1. Within the stretch 177-201, work out how many residues are surrounded by 14 or more Cβ atoms within 10 Å (Cβ to Cβ) and touching a residue at least 40 places away in the same chain (Cβ under 8 Å).
2. Out of the residues in the stretch 84-96 that are of a type outside the set (S, T, N, Q) and over 16 Å from LEU108 (Cα atoms), state the one that is farthest from the chain's Cα centre (by Cα).
3. Looking at the stretch 152-174, which of its residues are of a type in the set (Gly, Ala, Ser) and under 20 Å from VAL199 (Cα atoms)?
4. Within the stretch 65-78, can one find any residue that is more than 16 Å from the chain's Cα centre (by Cα) and of a type in the set (Phe, Trp, Tyr)?
5. Among the residues in the stretch 35-57, are any under 23 Å from GLU200 (Cα atoms) and touching a Leu at 6+ places or on another chain (Cβ under 6 Å)?
6. Can you spot a residue in the stretch 70-77 that is over 17 Å from LYS10 (Cβ atoms), touching a Cys at 6+ places or on another chain (Cβ under 9 Å) and buried (at least 21 other Cβ atoms within 10 Å of the Cβ)?
7. Please determine, by comparing only the residues of the stretch 44-60 that are surrounded by 18 or more Cβ atoms within 10 Å (Cβ to Cβ) and among the hydrophobic types (A, V, I, L, M, F, W, C), which one is nearest to VAL80 (Cα to Cα).
8. Restricting the stretch 142-157 to residues that are surrounded by fewer than 14 Cβ atoms within 10 Å (Cβ to Cβ) and in contact (Cβ under 8 Å) with a residue 24 or more places away in the chain, which is farthest from the chain's Cα centre (by Cα)?
Amino acid sequence: MEITAVALHKCAIVHYGLRAVLEEKYDCNLLGAVSAGEAQMHMRSYACNIMFIELPEFTSSVASFTSSLPVICLSDSSKVDILQDAISLGASGYLLMSDEIDEYYIVLESALKGKLRARSEDVKRLINKLEENRRVSTEALSDLTSREVDVLELLVQGKDNKEIADELSIAYGTARNKVWQILSKTHQPNRTALALWAVENNIVDRE
């Protein structure tokens, strides 16, 4: 099988290791890039049919390539958040740099066939996390009072505490306390995360 791949990574050792793995089985031309711009240049110059991107260093670049060719994400971390980012951004595969060589071949060939592939234990951990998030979201929603939901709707619209107080005809201090109570109940670190949580869980609509 002939493969022309581009690898977006932060250090040369990743490139050399990946090339050694691929050349063991395939007729492979692996092009290295240390920036998204350089990777795009390679794609314009060569008929690339697969891409490897190192995470989390280049997480923000994943979505810009997944519409053009299959993307396999590489990481030296087994944190489930990194796998979740890769899948949500459209990656076709996910590998740990410590994975067995055969796993690299399985993930690569699955990606070329348009199939998503990650290690089963990684997928199980991701599913468990998503289920836990869903449970926490359900419990948090049941804990919110109707007035707190009113405050949350205004917060999602981008209103600050003073604007929330004016809109609901309540004291500024009351509005501020309501926001803190909602943050505490939902276990969100800040207003931005809270707004995203509310929209993603269909608790309120973004207007």
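1. The qualifying residues number 7.
2. Here the answer is LEU89.
3. The answer is GLY158, and nothing else.
4. No: zero hits.
5. no
6. Scanning the stretch 70-77 turns up no residue that is over 17 Å from LYS10 (Cβ atoms), touching a Cys at 6+ places or on another chain (Cβ under 9 Å) and buried (at least 21 other Cβ atoms within 10 Å of the Cβ).
7. Applying the filter and picking the extreme gives LEU55.
8. ARG147
Every number here is computed from the coordinates shown, using simple stated rules; none is lab data. Treat the numbers as computed from the prediction; the structure is a model and nothing was measured. Neighbour counts are summed over all protein chains in view; Cβ atoms, including those assigned to glycine, are modelled from backbone coordinates with ideal geometry.
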